Amino acid sequence: MSEPSYTHGTGDTALLGDTIGANLDRAVAAWPDREALVDMVSGRRWTYARFAADVDELAYALLANGVTKGDRVGIWAVNCPEWVLVQYATARIGAVLVNINPAYRTHEVEYVLNQAGVCLLFASLGHKTSDYRAMVEEVRGRCPRLRQTVFIGDPGWEAFVARGTPAAFPELSCDDPINIQYTSGTTGFPKGATLSHHNILNNGYFVGETIAYSEQDRVCVPVPFYHCFGMVMGNLAATSHGACVVIPAPSFDPKATLEAVQQERCTSLYGVPTMFIAELNLPDFASYDLSSLRTGIMAGSPCPVEVMKRVVAEMNMAEVSICYGMTETSPVSTQTRRDDDLEHRTGTVGRVLPHIEVKVVDPATGVTVERGRAGELCTRGYSVMLGYWNEPEKTAEAVDAGRWMHTGDLAVMREDGYVEIVGRIKDMIIRGGENIYPREIEEFLYGHPGIRDVQVVGVPHETYGEEVLACVIPHDPAHPPTLEDVRAYCEGRLAHYKIPSRLQVLESFPMTVSGKVRKVELRETYGA
(Lines give C-alpha, C1' and ligand atoms only; values in the text may rest on other atoms or scores of the structure.)
Protein backbone atom coordinates (compact mmCIF):
# COMPACT_ATOMS: atom_id res chain seq x y z
CA MET A 1 0.00 0.00 0.00
CA SER A 2 1.31 3.42 -0.97
CA GLU A 3 2.12 6.10 1.63
CA PRO A 4 -0.40 8.93 2.03
CA SER A 5 0.37 12.21 0.26
CA TYR A 6 1.49 13.99 3.43
CA THR A 7 4.91 15.25 4.47
CA HIS A 8 6.37 17.78 6.87
CA GLY A 9 9.65 19.66 6.72
CA THR A 10 12.23 18.95 9.38
CA GLY A 11 15.50 20.74 9.91
CA ASP A 12 18.21 21.61 12.39
CA THR A 13 17.51 25.35 12.21
CA ALA A 14 14.84 26.80 14.48
CA LEU A 15 12.25 29.34 13.38
CA LEU A 16 13.19 32.98 13.96
CA GLY A 17 11.27 34.74 16.73
CA ASP A 18 12.39 38.20 15.61
CA THR A 19 10.50 41.10 14.20
CA ILE A 20 11.85 42.34 10.87
CA GLY A 21 13.44 45.35 12.56
CA ALA A 22 15.21 43.22 15.18
CA ASN A 23 16.48 40.88 12.48
CA LEU A 24 17.86 43.82 10.50
CA ASP A 25 19.64 45.02 13.66
CA ARG A 26 21.35 41.62 13.90
CA ALA A 27 22.56 41.93 10.31
CA VAL A 28 23.88 45.45 10.92
CA ALA A 29 25.74 44.31 14.04
CA ALA A 30 27.35 41.44 12.13
CA TRP A 31 28.09 43.13 8.78
CA PRO A 32 27.91 46.95 9.15
CA ASP A 33 30.28 47.66 6.26
CA ARG A 34 29.00 45.11 3.77
CA GLU A 35 26.70 46.31 0.98
CA ALA A 36 23.02 45.81 1.59
CA LEU A 37 21.46 47.52 -1.45
CA VAL A 38 22.61 48.71 -4.89
CA ASP A 39 20.47 50.59 -7.41
CA MET A 40 21.81 50.34 -10.96
CA VAL A 41 19.73 53.20 -12.39
CA SER A 42 20.77 55.90 -9.92
CA GLY A 43 24.14 54.41 -8.92
CA ARG A 44 23.24 54.71 -5.23
CA ARG A 45 24.67 52.21 -2.74
CA TRP A 46 23.97 51.39 0.89
CA THR A 47 26.09 49.52 3.39
CA TYR A 48 24.12 47.75 6.12
CA ALA A 49 24.96 50.54 8.56
CA ARG A 50 23.79 53.28 6.20
CA PHE A 51 20.73 51.30 5.13
CA ALA A 52 19.59 50.84 8.74
CA ALA A 53 20.22 54.54 9.46
CA ASP A 54 18.07 55.55 6.46
CA VAL A 55 15.36 53.07 7.49
CA ASP A 56 15.28 54.57 10.98
CA GLU A 57 15.19 58.12 9.58
CA LEU A 58 12.15 57.22 7.47
CA ALA A 59 10.55 55.41 10.43
CA TYR A 60 10.94 58.57 12.55
CA ALA A 61 9.33 60.56 9.73
CA LEU A 62 6.36 58.18 9.64
CA LEU A 63 5.85 58.63 13.37
CA ALA A 64 6.21 62.43 13.08
CA ASN A 65 3.57 62.41 10.33
CA GLY A 66 1.05 60.67 12.56
CA VAL A 67 1.48 57.06 11.43
CA THR A 68 1.20 54.64 14.35
CA LYS A 69 1.37 50.89 14.92
CA GLY A 70 -1.37 49.11 12.99
CA ASP A 71 -2.00 51.97 10.54
CA ARG A 72 -1.99 50.96 6.88
CA VAL A 73 0.62 52.59 4.63
CA GLY A 74 0.29 52.00 0.90
CA ILE A 75 3.10 51.75 -1.63
CA TRP A 76 2.29 52.04 -5.32
CA ALA A 77 5.65 52.05 -7.01
CA VAL A 78 8.04 50.34 -9.36
CA ASN A 79 11.28 48.80 -8.04
CA CYS A 80 13.51 51.44 -6.48
CA PRO A 81 15.56 51.84 -3.28
CA GLU A 82 12.78 53.86 -1.65
CA TRP A 83 10.47 50.85 -1.96
CA VAL A 84 12.89 48.83 0.18
CA LEU A 85 13.33 51.66 2.70
CA VAL A 86 9.54 51.93 3.08
CA GLN A 87 9.27 48.15 3.54
CA TYR A 88 11.69 48.10 6.47
CA ALA A 89 10.63 51.46 7.97
CA THR A 90 6.96 50.46 8.22
CA ALA A 91 8.03 47.15 9.79
CA ARG A 92 10.17 49.09 12.28
CA ILE A 93 7.15 50.96 13.69
CA GLY A 94 4.53 48.22 13.22
CA ALA A 95 2.62 49.93 10.42
CA VAL A 96 1.03 47.56 7.90
CA LEU A 97 2.51 47.95 4.41
CA VAL A 98 -0.11 47.64 1.67
CA ASN A 99 1.48 46.59 -1.63
CA ILE A 100 -0.27 48.02 -4.69
CA ASN A 101 0.34 46.53 -8.13
CA PRO A 102 2.01 49.12 -10.42
CA ALA A 103 -0.30 48.03 -13.24
CA TYR A 104 -3.48 48.91 -11.35
CA ARG A 105 -5.82 51.44 -12.88
CA THR A 106 -7.79 54.02 -10.90
CA HIS A 107 -10.78 51.83 -9.96
CA GLU A 108 -8.45 49.13 -8.63
CA VAL A 109 -6.32 51.61 -6.67
CA GLU A 110 -9.44 53.20 -5.21
CA TYR A 111 -10.71 49.79 -4.10
CA VAL A 112 -7.43 48.84 -2.37
CA LEU A 113 -7.02 52.22 -0.64
CA ASN A 114 -10.53 51.97 0.80
CA GLN A 115 -10.60 48.25 1.54
CA ALA A 116 -7.34 48.41 3.51
CA GLY A 117 -8.07 51.85 4.98
CA VAL A 118 -4.76 53.33 3.81
CA CYS A 119 -3.91 56.57 5.64
CA LEU A 120 -0.66 57.42 3.84
CA LEU A 121 0.43 56.47 0.32
CA PHE A 122 3.93 56.38 -1.16
CA ALA A 123 3.83 56.41 -4.96
CA SER A 124 6.09 56.61 -7.99
CA LEU A 125 5.45 59.57 -10.26
CA GLY A 126 4.39 57.17 -12.97
CA HIS A 127 4.92 53.84 -14.70
CA LYS A 128 4.79 53.26 -18.47
CA THR A 129 1.63 55.09 -19.61
CA SER A 130 0.29 55.65 -16.08
CA ASP A 131 0.52 59.12 -14.52
CA TYR A 132 0.23 58.20 -10.84
CA ARG A 133 -0.04 61.79 -9.64
CA ALA A 134 -3.08 62.40 -11.85
CA MET A 135 -4.59 59.04 -10.91
CA VAL A 136 -4.22 59.69 -7.17
CA GLU A 137 -5.78 63.12 -7.64
CA GLU A 138 -8.73 61.46 -9.40
CA VAL A 139 -9.47 58.99 -6.58
CA ARG A 140 -8.42 61.01 -3.51
CA GLY A 141 -11.84 62.54 -2.90
CA ARG A 142 -13.37 59.06 -2.84
CA CYS A 143 -10.81 57.70 -0.32
CA PRO A 144 -11.74 59.40 2.97
CA ARG A 145 -9.03 57.76 5.09
CA LEU A 146 -6.16 58.79 2.81
CA ARG A 147 -4.58 61.79 4.57
CA GLN A 148 -1.35 62.18 2.61
CA THR A 149 0.47 61.06 -0.54
CA VAL A 150 4.26 61.22 -0.88
CA PHE A 151 5.69 60.88 -4.38
CA ILE A 152 9.04 59.13 -4.77
CA GLY A 153 11.41 61.19 -6.91
CA ASP A 154 9.63 64.41 -5.99
CA PRO A 155 10.93 67.06 -3.52
CA GLY A 156 8.02 66.04 -1.32
CA TRP A 157 9.93 62.87 -0.39
CA GLU A 158 12.83 64.84 1.10
CA ALA A 159 10.43 67.21 2.87
CA PHE A 160 8.56 64.25 4.37
CA VAL A 161 11.73 62.56 5.65
CA ALA A 162 13.08 65.87 7.04
CA ARG A 163 10.12 66.17 9.42
CA GLY A 164 11.29 63.15 11.43
CA THR A 165 13.10 63.43 14.76
CA PRO A 166 14.45 60.50 16.84
CA ALA A 167 11.71 58.91 18.92
CA ALA A 168 10.99 55.63 20.67
CA PHE A 169 9.68 52.89 18.39
CA PRO A 170 6.55 51.01 19.51
CA GLU A 171 6.89 47.61 21.16
CA LEU A 172 6.08 44.93 18.59
CA SER A 173 5.24 41.23 18.49
CA CYS A 174 6.51 39.01 15.69
CA ASP A 175 2.89 37.93 15.20
CA ASP A 176 1.68 41.46 14.44
CA PRO A 177 0.28 42.00 10.93
CA ILE A 178 2.91 43.80 8.86
CA ASN A 179 1.91 43.44 5.22
CA ILE A 180 -1.20 43.22 3.04
CA GLN A 181 -0.74 41.80 -0.44
CA TYR A 182 -3.65 41.76 -2.85
CA THR A 183 -4.06 38.51 -4.74
CA SER A 184 -5.29 38.90 -8.30
CA GLY A 185 -8.62 37.19 -8.50
CA THR A 186 -9.99 36.11 -11.88
CA THR A 187 -13.40 37.45 -10.90
CA GLY A 188 -14.36 40.32 -8.67
CA PHE A 189 -11.98 42.45 -6.64
CA PRO A 190 -8.71 41.08 -5.25
CA LYS A 191 -8.40 39.85 -1.65
CA GLY A 192 -5.84 41.27 0.78
CA ALA A 193 -3.68 38.47 2.20
CA THR A 194 -2.51 39.72 5.61
CA LEU A 195 0.96 38.59 6.65
CA SER A 196 2.94 38.94 9.89
CA HIS A 197 6.63 39.53 10.67
CA HIS A 198 6.76 35.81 11.57
CA ASN A 199 5.21 34.77 8.25
CA ILE A 200 7.45 36.62 5.84
CA LEU A 201 10.71 36.92 7.79
CA ASN A 202 10.90 33.17 8.33
CA ASN A 203 9.88 32.36 4.80
CA GLY A 204 12.53 34.65 3.33
CA TYR A 205 15.10 33.24 5.76
CA PHE A 206 14.45 29.56 4.94
CA VAL A 207 14.31 30.20 1.18
CA GLY A 208 17.76 31.80 1.55
CA GLU A 209 19.00 28.96 3.75
CA THR A 210 17.94 26.40 1.15
CA ILE A 211 20.18 28.00 -1.48
CA ALA A 212 22.96 28.60 1.06
CA TYR A 213 22.94 32.39 1.17
CA SER A 214 25.65 34.14 3.18
CA GLU A 215 27.09 37.65 3.46
CA GLN A 216 29.10 36.83 0.32
CA ASP A 217 26.00 36.70 -1.91
CA ARG A 218 24.75 39.42 -4.23
CA VAL A 219 21.17 38.90 -5.38
CA CYS A 220 19.90 40.41 -8.65
CA VAL A 221 16.16 41.08 -8.21
CA PRO A 222 14.37 41.98 -11.48
CA VAL A 223 11.04 40.67 -10.15
CA PRO A 224 8.65 43.25 -8.64
CA PHE A 225 8.89 44.22 -4.98
CA TYR A 226 5.12 44.59 -4.71
CA HIS A 227 4.98 40.78 -4.90
CA CYS A 228 6.31 38.26 -2.36
CA PHE A 229 8.92 37.12 -4.89
CA GLY A 230 10.66 40.48 -4.68
CA MET A 231 10.10 41.66 -1.11
CA VAL A 232 10.28 38.30 0.72
CA MET A 233 12.36 35.88 -1.36
CA GLY A 234 14.48 38.82 -2.50
CA ASN A 235 14.82 41.47 0.20
CA LEU A 236 14.16 39.46 3.38
CA ALA A 237 16.12 36.40 2.20
CA ALA A 238 19.08 38.73 1.56
CA THR A 239 19.03 40.89 4.70
CA SER A 240 18.50 37.88 7.00
CA HIS A 241 21.82 36.52 5.66
CA GLY A 242 23.83 39.73 5.24
CA ALA A 243 23.62 39.48 1.44
CA CYS A 244 23.21 42.40 -0.99
CA VAL A 245 20.12 43.20 -3.09
CA VAL A 246 20.88 44.57 -6.57
CA ILE A 247 18.03 46.41 -8.37
CA PRO A 248 18.72 46.21 -12.13
CA ALA A 249 15.83 48.43 -13.33
CA PRO A 250 12.43 49.83 -12.25
CA SER A 251 10.68 47.00 -14.11
CA PHE A 252 11.94 43.94 -15.93
CA ASP A 253 14.43 44.61 -18.72
CA PRO A 254 16.45 41.57 -19.89
CA LYS A 255 19.43 43.63 -21.03
CA ALA A 256 19.58 45.68 -17.82
CA THR A 257 19.31 42.47 -15.79
CA LEU A 258 22.31 40.79 -17.42
CA GLU A 259 24.31 44.04 -17.27
CA ALA A 260 23.63 44.20 -13.51
CA VAL A 261 24.75 40.60 -13.01
CA GLN A 262 27.94 41.29 -14.97
CA GLN A 263 28.81 44.65 -13.38
CA GLU A 264 27.94 43.78 -9.78
CA ARG A 265 29.23 40.18 -9.93
CA CYS A 266 25.89 38.86 -8.75
CA THR A 267 25.87 35.31 -7.39
CA SER A 268 22.10 34.82 -7.61
CA LEU A 269 19.44 35.79 -10.18
CA TYR A 270 15.66 35.66 -9.83
CA GLY A 271 12.92 35.42 -12.42
CA VAL A 272 9.89 33.65 -13.78
CA PRO A 273 10.57 31.35 -16.75
CA THR A 274 9.50 33.97 -19.30
CA MET A 275 12.16 36.35 -17.91
CA PHE A 276 14.90 33.75 -18.30
CA ILE A 277 13.64 33.00 -21.82
CA ALA A 278 13.86 36.74 -22.68
CA GLU A 279 17.42 36.92 -21.32
CA LEU A 280 18.56 33.79 -23.17
CA ASN A 281 17.04 35.12 -26.41
CA LEU A 282 18.95 38.44 -26.38
CA PRO A 283 20.96 38.64 -29.62
CA ASP A 284 24.13 39.44 -27.67
CA PHE A 285 23.44 37.02 -24.79
CA ALA A 286 26.78 35.23 -25.23
CA SER A 287 28.70 38.49 -24.72
CA TYR A 288 27.69 38.84 -21.03
CA ASP A 289 30.03 37.57 -18.34
CA LEU A 290 27.77 35.58 -16.03
CA SER A 291 30.55 33.56 -14.43
CA SER A 292 29.82 35.02 -10.97
CA LEU A 293 26.40 33.32 -10.82
CA ARG A 294 25.99 30.10 -8.85
CA THR A 295 22.32 30.03 -7.92
CA GLY A 296 18.99 31.79 -8.27
CA ILE A 297 15.29 31.20 -8.05
CA MET A 298 12.81 30.41 -10.78
CA ALA A 299 9.19 30.55 -9.72
CA GLY A 300 5.74 31.72 -10.76
CA SER A 301 5.07 29.05 -13.38
CA PRO A 302 6.56 25.71 -14.50
CA CYS A 303 10.02 25.74 -16.06
CA PRO A 304 10.37 24.03 -19.45
CA VAL A 305 13.16 21.43 -19.52
CA GLU A 306 15.03 23.07 -22.38
CA VAL A 307 15.01 26.45 -20.62
CA MET A 308 16.36 24.90 -17.41
CA LYS A 309 19.15 23.16 -19.33
CA ARG A 310 20.26 26.47 -20.81
CA VAL A 311 20.02 28.34 -17.49
CA VAL A 312 22.29 25.78 -15.85
CA ALA A 313 24.74 25.44 -18.75
CA GLU A 314 24.86 28.95 -20.24
CA MET A 315 24.09 31.14 -17.22
CA ASN A 316 26.35 29.25 -14.83
CA MET A 317 23.43 28.67 -12.42
CA ALA A 318 24.25 25.10 -11.43
CA GLU A 319 22.41 25.47 -8.11
CA VAL A 320 19.29 27.24 -9.44
CA SER A 321 16.21 26.48 -7.35
CA ILE A 322 12.54 26.09 -8.22
CA CYS A 323 10.11 27.49 -5.67
CA TYR A 324 6.39 26.94 -5.36
CA GLY A 325 3.98 28.93 -3.25
CA MET A 326 1.30 31.56 -3.13
CA THR A 327 0.87 34.99 -1.55
CA GLU A 328 -1.30 33.51 1.20
CA THR A 329 1.62 31.29 2.32
CA SER A 330 4.26 34.03 2.53
CA PRO A 331 4.87 32.64 -0.27
CA VAL A 332 7.04 29.47 -0.52
CA SER A 333 5.92 26.01 0.61
CA THR A 334 8.14 23.72 -1.49
CA GLN A 335 11.56 24.23 -3.04
CA THR A 336 14.11 22.14 -4.93
CA ARG A 337 17.47 21.62 -3.31
CA ARG A 338 20.94 22.65 -4.53
CA ASP A 339 21.93 19.12 -5.58
CA ASP A 340 18.65 18.06 -7.21
CA ASP A 341 18.95 16.64 -10.72
CA LEU A 342 17.47 18.21 -13.85
CA GLU A 343 14.39 16.01 -13.78
CA HIS A 344 13.47 17.07 -10.23
CA ARG A 345 14.04 20.74 -11.11
CA THR A 346 11.76 20.63 -14.13
CA GLY A 347 9.34 17.82 -13.30
CA THR A 348 8.61 18.93 -9.73
CA VAL A 349 8.42 22.05 -7.55
CA GLY A 350 10.65 20.48 -4.93
CA ARG A 351 9.87 19.20 -1.46
CA VAL A 352 8.50 20.88 1.61
CA LEU A 353 10.55 23.51 3.45
CA PRO A 354 11.44 23.16 7.16
CA HIS A 355 8.60 23.73 9.65
CA ILE A 356 5.88 23.43 6.97
CA GLU A 357 3.44 20.60 6.24
CA VAL A 358 1.90 19.74 2.86
CA LYS A 359 -0.69 17.19 1.81
CA VAL A 360 -2.68 16.32 -1.32
CA VAL A 361 -6.40 15.77 -0.84
CA ASP A 362 -9.39 14.69 -2.86
CA PRO A 363 -11.03 18.06 -3.74
CA ALA A 364 -14.51 16.59 -3.24
CA THR A 365 -14.02 14.81 0.10
CA GLY A 366 -10.97 16.49 1.66
CA VAL A 367 -9.45 13.06 2.33
CA THR A 368 -5.67 12.71 1.83
CA VAL A 369 -4.99 10.66 -1.30
CA GLU A 370 -2.20 8.10 -1.68
CA ARG A 371 1.09 9.16 -3.25
CA GLY A 372 1.02 9.22 -7.03
CA ARG A 373 -2.61 10.37 -7.23
CA ALA A 374 -3.67 13.88 -8.23
CA GLY A 375 -5.57 16.09 -5.83
CA GLU A 376 -5.62 19.56 -4.30
CA LEU A 377 -2.41 20.68 -2.60
CA CYS A 378 -2.85 22.02 0.93
CA THR A 379 -0.22 23.54 3.20
CA ARG A 380 -0.01 24.34 6.91
CA GLY A 381 2.49 25.99 9.24
CA TYR A 382 4.06 29.30 10.25
CA SER A 383 3.72 30.58 6.67
CA VAL A 384 -0.08 30.54 6.40
CA MET A 385 -1.48 34.09 6.37
CA LEU A 386 -3.35 35.63 9.28
CA GLY A 387 -6.32 35.91 6.91
CA TYR A 388 -7.80 38.10 4.18
CA TRP A 389 -8.03 41.68 5.45
CA ASN A 390 -11.55 42.30 6.85
CA GLU A 391 -12.97 39.30 4.94
CA PRO A 392 -13.52 36.48 7.47
CA GLU A 393 -15.88 34.57 5.19
CA LYS A 394 -13.37 34.44 2.33
CA THR A 395 -10.65 33.50 4.82
CA ALA A 396 -12.77 30.55 6.00
CA GLU A 397 -13.20 29.41 2.39
CA ALA A 398 -9.42 29.26 1.90
CA VAL A 399 -8.17 28.18 5.34
CA ASP A 400 -10.04 25.30 6.93
CA ALA A 401 -10.67 24.57 10.61
CA GLY A 402 -7.38 22.65 10.82
CA ARG A 403 -5.46 25.74 9.59
CA TRP A 404 -4.75 24.10 6.23
CA MET A 405 -4.49 26.56 3.32
CA HIS A 406 -6.25 25.18 0.26
CA THR A 407 -4.18 26.29 -2.74
CA GLY A 408 -6.54 25.53 -5.61
CA ASP A 409 -3.64 23.77 -7.35
CA LEU A 410 -3.80 20.20 -8.60
CA ALA A 411 -0.73 18.28 -7.48
CA VAL A 412 0.80 14.82 -7.27
CA MET A 413 3.14 13.87 -4.43
CA ARG A 414 5.78 11.38 -5.52
CA GLU A 415 7.01 8.50 -3.38
CA ASP A 416 10.12 10.57 -2.53
CA GLY A 417 8.00 13.46 -1.24
CA TYR A 418 8.64 15.77 -4.20
CA VAL A 419 5.56 17.53 -5.52
CA GLU A 420 4.41 17.93 -9.12
CA ILE A 421 1.93 20.69 -9.96
CA VAL A 422 -0.30 19.39 -12.72
CA GLY A 423 -2.55 22.41 -13.07
CA ARG A 424 -5.07 24.67 -11.41
CA ILE A 425 -8.37 23.11 -10.48
CA LYS A 426 -10.00 25.87 -12.52
CA ASP A 427 -7.51 25.47 -15.45
CA MET A 428 -8.07 21.75 -15.85
CA ILE A 429 -9.64 21.00 -19.23
CA ILE A 430 -12.50 18.50 -19.23
CA ARG A 431 -13.02 17.22 -22.77
CA GLY A 432 -15.77 14.65 -23.20
CA GLY A 433 -15.29 13.48 -19.62
CA GLU A 434 -11.49 13.22 -19.91
CA ASN A 435 -9.39 15.33 -17.52
CA ILE A 436 -6.58 17.11 -19.38
CA TYR A 437 -3.73 18.93 -17.61
CA PRO A 438 -2.40 21.79 -19.78
CA ARG A 439 1.09 21.55 -18.25
CA GLU A 440 1.66 18.10 -19.78
CA ILE A 441 0.81 19.30 -23.30
CA GLU A 442 2.90 22.49 -22.87
CA GLU A 443 5.94 20.48 -21.83
CA PHE A 444 5.53 18.24 -24.85
CA LEU A 445 5.12 21.13 -27.32
CA TYR A 446 8.27 22.89 -26.04
CA GLY A 447 10.12 20.18 -27.95
CA HIS A 448 8.59 21.27 -31.29
CA PRO A 449 11.38 22.92 -33.35
CA GLY A 450 9.13 25.78 -34.50
CA ILE A 451 7.75 26.73 -31.06
CA ARG A 452 9.58 29.12 -28.72
CA ASP A 453 6.90 29.38 -26.06
CA VAL A 454 3.45 27.85 -25.60
CA GLN A 455 0.39 28.10 -23.37
CA VAL A 456 -2.46 25.61 -23.51
CA VAL A 457 -6.02 26.48 -22.43
CA GLY A 458 -9.44 24.93 -22.65
CA VAL A 459 -12.07 26.70 -24.73
CA PRO A 460 -15.77 25.93 -25.17
CA HIS A 461 -16.89 23.19 -27.60
CA GLU A 462 -20.49 22.27 -28.41
CA THR A 463 -19.98 18.50 -28.39
CA TYR A 464 -17.14 17.85 -25.97
CA GLY A 465 -17.72 20.71 -23.52
CA GLU A 466 -14.16 21.92 -23.99
CA GLU A 467 -11.42 21.56 -26.57
CA VAL A 468 -7.68 22.16 -26.46
CA LEU A 469 -6.30 25.47 -27.76
CA ALA A 470 -2.53 25.87 -28.09
CA CYS A 471 -1.32 29.49 -28.12
CA VAL A 472 2.23 29.56 -29.46
CA ILE A 473 5.03 32.07 -29.99
CA PRO A 474 7.08 30.80 -32.97
CA HIS A 475 10.85 30.75 -33.19
CA ASP A 476 10.58 32.30 -36.66
CA PRO A 477 7.60 34.67 -36.97
CA ALA A 478 7.90 34.57 -40.74
CA HIS A 479 7.33 30.80 -40.75
CA PRO A 480 5.06 29.91 -37.83
CA PRO A 481 3.87 26.34 -37.33
CA THR A 482 0.40 25.48 -38.59
CA LEU A 483 -2.26 23.49 -36.77
CA GLU A 484 -1.50 20.60 -39.13
CA ASP A 485 2.21 20.77 -38.17
CA VAL A 486 1.37 20.70 -34.48
CA ARG A 487 -1.13 17.87 -34.78
CA ALA A 488 1.31 15.81 -36.86
CA TYR A 489 4.00 16.37 -34.20
CA CYS A 490 1.60 15.08 -31.52
CA GLU A 491 0.16 12.15 -33.49
CA GLY A 492 1.06 8.82 -31.93
CA ARG A 493 2.86 10.51 -29.03
CA LEU A 494 -0.05 12.09 -27.15
CA ALA A 495 -3.46 10.57 -26.50
CA HIS A 496 -5.85 11.77 -29.20
CA TYR A 497 -8.00 13.79 -26.79
CA LYS A 498 -4.93 15.79 -25.63
CA ILE A 499 -3.91 16.85 -29.14
CA PRO A 500 -4.75 20.54 -29.76
CA SER A 501 -7.73 21.01 -32.07
CA ARG A 502 -7.08 24.75 -32.32
CA LEU A 503 -3.96 26.88 -32.71
CA GLN A 504 -3.34 30.57 -32.17
CA VAL A 505 -0.01 32.12 -33.21
CA LEU A 506 0.96 35.16 -31.11
CA GLU A 507 3.82 37.62 -30.78
CA SER A 508 3.56 37.63 -26.97
CA PHE A 509 1.32 36.44 -24.15
CA PRO A 510 -0.77 38.73 -21.93
CA MET A 511 1.13 38.93 -18.65
CA THR A 512 0.57 40.06 -15.09
CA VAL A 513 3.13 42.51 -13.67
CA SER A 514 4.69 39.63 -11.71
CA GLY A 515 5.38 37.80 -14.97
CA LYS A 516 2.64 35.19 -15.00
CA VAL A 517 0.74 34.45 -18.20
CA ARG A 518 -2.90 35.49 -17.96
CA LYS A 519 -4.53 32.28 -19.14
CA VAL A 520 -7.98 33.63 -18.38
CA GLU A 521 -7.36 36.38 -20.96
CA LEU A 522 -6.22 33.82 -23.56
CA ARG A 523 -9.43 31.85 -22.97
CA GLU A 524 -11.62 34.95 -23.19
CA THR A 525 -9.89 36.39 -26.28
CA TYR A 526 -9.48 33.26 -28.39
CA GLY A 527 -12.16 30.97 -26.99
CA ALA A 528 -15.03 32.24 -29.10
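The values are calculated or read from the model by the stated rules, or taken from the named source; none is laboratory data. None of the values given here were measured: they were computed from a predicted structure. Glycine gets a Cβ as well: all are built from the backbone with ideal geometry, and neighbour counts include every protein chain shown. Side chains are part of the model used for accessible areas, which takes the heavy atoms of the whole protein and leaves out ligands, DNA and RNA. Shrake-Rupley method; radii C 1.70, N 1.55, O 1.52, S 1.80 Å.
Below, the figures for the structure above:
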item: When each of 191/498; 309/519; 394/516 is checked by Cα-Cα distance, pairs over 29 Å; result: 191/498
item: For the stretch 470-528 and the stretch 72-104, distance of Cα centres in Å; result: 37 Å
item: Helix-only CD estimate at 222 nm, as mean residue ellipticity for the chain, using -39500 (n - 2.57) per DSSP H run (n ≥ 4); result: -8500 deg cm²/dmol
item: Reachable aspartates and glutamates from residue 426, criterion Cα separation under 12 angstrom, eight or more residues apart if same chain; result: 376, 409
item: At 1.567 mPa s and 4 °C, Stokes diffusion of the stretch 280-414 via Kirkwood alpha-carbon radius, µm² per second; result: 78 µm²/s
item: Cα centroid separation, the stretch 245-273 to the stretch 1-71 (Å); result: 21 Å
item: Average projected area [Cα convex hull, the chain], square nanometres; result: 24.9 nm²
item: Order of exposure, largest accessible area first, which applies to 301, 287, 268 with probe 1.4 Å; result: 287, 301, 268
item: Å² per residue, accessible surface of the stretch 37-89 at 1.4 Å; result: 28 Å²
item: For the chain: relative contact order, % (alpha-carbon pairs under 8 angstrom, 6 or more apart); result: 13 percent
item: Computed accessible area, residue 343, all protein chains, 1.4 angstrom probe, square angstrom; result: 80 Å²
item: Theoretical gain in end-to-end length, residue 479 to residue 524 [0.36 nm per residue, Cα-Cα removed]; result: 13.6 nm
item: All-pairs alpha carbon distance profile, the stretch 344-452, 5 Å steps from 0, percent; result: 2, 11, 18, 20, 19, 13, 9, 5, 2, 1, 0
item: Span from the the stretch 395-433 Cα centroid across to the the stretch 336-380 one, whole angstrom; result: 9 Å
item: Stokes-Einstein diffusion coefficient of the stretch 464-528, Kirkwood radius over Cα pairs, 10 °C, 1.306 mPa s, in µm²/s; result: 121 µm²/s
item: Spatial extent of the stretch 57-135: Rg and Dmax, with the Cα atoms as the point set, Å; result: 12.3, 35
item: Net charge of neighbours whose Cβ lies under 10 Å from the Cβ of residue 497, counting Lys and Arg as +1 and Asp and Glu as -1; result: 0
item: Residues of the stretch 333-400: accessible area per residue with a 1.4 Å probe, Å²; result: 42 Å²
item: Contact order relative to length of the stretch 403-465, as percent, for alpha carbon pairs under 8 angstrom and 6 or more apart; result: 24 percent
item: Local electrostatic count, residue 378, Cβ distance below 9 Å [Lys/Arg +1, Asp/Glu -1]; result: -1
